[in-house]
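The values are calculated or read from the model by the stated rules, or taken from the named source; none is laboratory data. Note that the coordinates shown come from a computational prediction; the quantities given were computed from them, not determined experimentally. Positions of Cβ are backbone-derived with ideal geometry, glycine not excepted, and every protein chain shown enters the neighbour counts.
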Amino acid sequence: MDKKPRLGEFLKTRRSQLQPADVGLPDFGERRRVPGLRRDELAQLAGVGLSYYTRLEQGLSLNASPEVLDALARALGLDEVERAHLHDLARASRRTGMRRRPVPERAGDTTQQLLGAFGDAPAVVLGRRSDVLAWNRTGHALFAGHLDPHIPDQPDRRPNTARLVFLDAHTRDLYDVDWPKKARDVVGKLRLAVGQHPDDPRLAALIGELAMRSAEFATMWSEHRVRKWDLATYRMHHPLVGRMQLNLQTLNVPQEEGQRIVVATADAGTTSAAALCLLAQAGVPTSLPAARQAGRTETPGSPRDGADSRSQAPVAEAMTAPRHPTRPPRAW
């Protein structure tokens, strides 16, 4: 991906999503050739010259000052996360010279200790590209029990949450009715990552792959929405313990840039809390039968056989499942 057009693409897309009434401009009912604000309207709102703004949007001017960027952010009605993303894109467009080779990611000893401190609470360590760097036993059982639990230890085969959400049947079924919400959260986080790590070729390759293989991803990506969520609630449907409403909290790892730990919890005293406790006691891998894959493209991370992800195992069966199952076949 060329860095220079990204700032202009973001400005143009967000401009097209605004109507005159959204920013207090009169709307005389005229039919517009293209949706959204015109360039001259946005330039006027931001207090910058039309020719200058046009060059900025076309990628011909790369020297926008922080003050100009803040003025554009106010005119577009951007929130704080979106404003920071706008500044990231501007810095990336001005960057010259040799690219720094991205440092290989791993969950360090301190991070592993922190992961263990969560006990039976499902927890996953994610990297800057949303690769799974590590998980605890319950985190694996909740999010990807159909995959080899040891696969995060293999850098070239690590699960990626964006691939799982858009390309894996088990994960789509897991998020159930809240899959669209989860998908948009994932895309918004990837948008932030691109602004913060513009020279990462593996991140660029991931986005290109998802855009080619998922029309839903391509549509959401084109909207240029960015999201940074520290706490999100999803209704989920797990093949072992049924329906749950879980809170996913994100904690940044201070000593590792771009790394974060996602921890799942349920409100105390709810059926979701009981189901999560049951899952922690069972902790067995799950998978989908081949029949569930009919009509779907086989993708990395997709299961090939096992129990239907829509079924709910009897409580007694789950309670008597082995705490330390044998290592399943690799499904990534």
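A few comments on the model shown:
- Within the stretch 41-67, tally of residues that are more than 17 Å from E9 (Cα to Cα), under 34 Å from the mean Cα position of the chain (by Cα) and not in a loop (DSSP other than H, G, I, E, B): 5
- Among the residues making up the stretch 156-177, those that are acidic (D, E) and either without any contact (Cβ under 8 Å) to a residue 12 or more places away in the chain or surrounded by 18 or more Cβ atoms within 10 Å (Cβ to Cβ) (or both) are D156, D168, D173.
- From the list A268, A282, the lone residue that is of a type in the set (A, V, I, L, M), surrounded by fewer than 19 Cβ atoms within 10 Å (Cβ to Cβ) and more than 25 Å from the chain's Cα centre (by Cα) is A268.
- Matching residues, the stretch 1-18, being at pLDDT below 85 and either more than 24 Å from the chain's Cα centre (by Cα) or in a helix (DSSP H, G or I) (or both): K4, P5, R6
- Boolean, R184 is more than 30 Å from A280 (Cα to Cα) and assigned by TED's automatic domain parsing to the domain that holds T161: no
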